[in-house]
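First up is the structure itself, then whatever we jot down about it.
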Amino acid sequence: MKRLLTIAATLVTLSCSTETPTGVDPAAFRTELDGKAIDLYTLKAGDIFLQATNFGGRVVTLYTPDRDGKMTDIVVGHDNIADYITPPGERFLGACVGPVANRIGGASFTVDGETFRTPQNDNGVNTLHGGFKGVDNLVWDVVSACDTALVLHLVHPDGLEGYPGNLDITMTYSVRDDNSFCVRYLATTDKPTPVNLSHHPFFCLRGEGNGTVEDYEMMINASAFIPIDSLSIPTGEILAVEGTPFDFRDAHRIGDRIGDDNAQLRNARGYDHNWCIDLPDGGGVALACRVHDPVTGRTVEVLSDQPGLQFYSGNFFAGAENGKNGQPLGFRSSLALETQKYPDSVNHPAFTPTILRPGETYTQTCIYRFSSQ
């Protein structure tokens, strides 16, 4: 029986901030790449102020208020387009990733008896987030832009990075008065191909350079998770979280168990795993995760219709690169929450199916909802 979730009665969404963030300078993002124009777009609703670029669909800034109404940028990123095109460190800051998010073991997969090989951009063995030139490294066409929504379109061409089919993707970013940021995907193809898109934000709920995620309180609505090997490839098992450091069904500090003597934690240097979300019968969008910072009062809830959530606790940041405010991106100073199908599903028949066929439509909805208390 699935565990019932309750939201604390004290959780209150603030809508009283009088601050108006300036964000980063759009002029630092205006350029061309591969003959396509790149720009920066601003979305505002409720207490949310968000800036995104059509290069990889990256969310560059996302301001929300703390319990006192103070607006702070709570995502990691850069203040210029050059550092996204040629990243000084982490490549996937705030980006859309795909066409297959997460990892493909052995950098190969088989569809209808034909084997396809993809780039070995992860440990020289596996494929990560689409390869060297995933959807995060392409310029998306801007279909429309207004104060509350940005609609982007991309055709990932047949054969790029080894993936079959012309994958036609429409992605919509929208912000709402209830302080939520919604990501929606629609995709079609002219050949059978694996599809598993995801948004890849790095949240720092106290703002860049302030504390570590170990102090955040997390709940994940999942009774099971997927174990990985030393190269972060799923073993093929689905294990119960009960009695393990991966049990976040009751909210607690991320740091409480991250240092446990556990083979899975050693494999990832902390948390970098997929949780199998306890979706309601019949599917639909449901609460997958909640993260709360007791210092600022900020909370982010993740709602999704996807069966998996990848939680990454920022274990490979080492302070070697700075963010847009000049602060080092340190060890576990931000975390990623990526809604998706299970990793390496294309090589594990028992996992969630990821093959999209002509005549079918891939859809996904992910909502990040912000509040403070």
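The values are calculated or read from the model by the stated rules, or taken from the named source; none is laboratory data. Note that this is a predicted model, so its numbers are computed, not measured. Because the Cβ atoms are built from the backbone with ideal geometry, glycine has one as well, and the counts that use them run over all protein chains shown. When the accessible area is computed, the model is the full protein with side chains, heavy atoms only, and any ligands, DNA or RNA have been set aside. Shrake-Rupley method; radii C 1.70, N 1.55, O 1.52, S 1.80 Å.
Overview of results
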quantity: Filter result (open to solvent by 20 Å² or more (accessible area, probe 1.4 Å) and assigned to a helix (DSSP H, G or I)) within the stretch 265-279; calculated: Arg266, Asn267
quantity: The stretch 113-128 - residue that is surrounded by fewer than 19 Cβ atoms within 10 Å (Cβ to Cβ), in contact (Cβ under 8 Å) with a residue 40 or more places away in the chain and not in a strand (DSSP E or B) and, of those, farthest from the chain's Cα centre (by Cα); calculated: Val125
quantity: Residue list for the stretch 199-225, filter: in contact with a His (Cβ under 9 Å, 6 or more places away or on another chain) and buried (at least 24 other Cβ atoms within 10 Å of the Cβ); calculated: His200, Leu205, Tyr216, Phe225
quantity: Some residue of the stretch 238-252 being charged (D, E, K, R) and surrounded by 15 or more Cβ atoms within 10 Å (Cβ to Cβ); calculated: yes
quantity: Single residue of the stretch 178-190 satisfying the filter (out of contact with any Ser or Thr (no Cβ under 8 Å at 6 or more places or on another chain) and buried (at least 16 other Cβ atoms within 10 Å of the Cβ)) that is nearest to Glu360 (Cα to Cα); calculated: Thr189
quantity: Residue match in the stretch 15-24 (condition: at pLDDT 95 or above and of a type outside the set (Gly, Ala, Ser)); calculated: yes
quantity: Selected residue [more than 18 Å from Glu214 (Cβ to Cβ) and at pLDDT below 95] from Gly236, Gly308, Gly282, Gly243; calculated: Gly282
quantity: Filter result for His292 (touching a strand residue (DSSP E or B) at 6+ places or on another chain (Cβ under 7 Å) and either crowded, with 18+ Cβ neighbours inside 10 Å or without any contact (Cβ under 8 Å) to a residue 12 or more places away in the chain (or both)); calculated: yes
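Conditions tested, residue by residue: (1) touching a strand residue (DSSP E or B) at 6+ places or on another chain (Cβ under 6 Å); (2) not acidic (Asp, Glu).
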site	(1), (2)
Asn274	yes, yes
Ala286	no, yes
Gly297	yes, yes
Phe316	no, yes
Leu329	no, yes
Glu338	yes, no
Ala350	no, yes
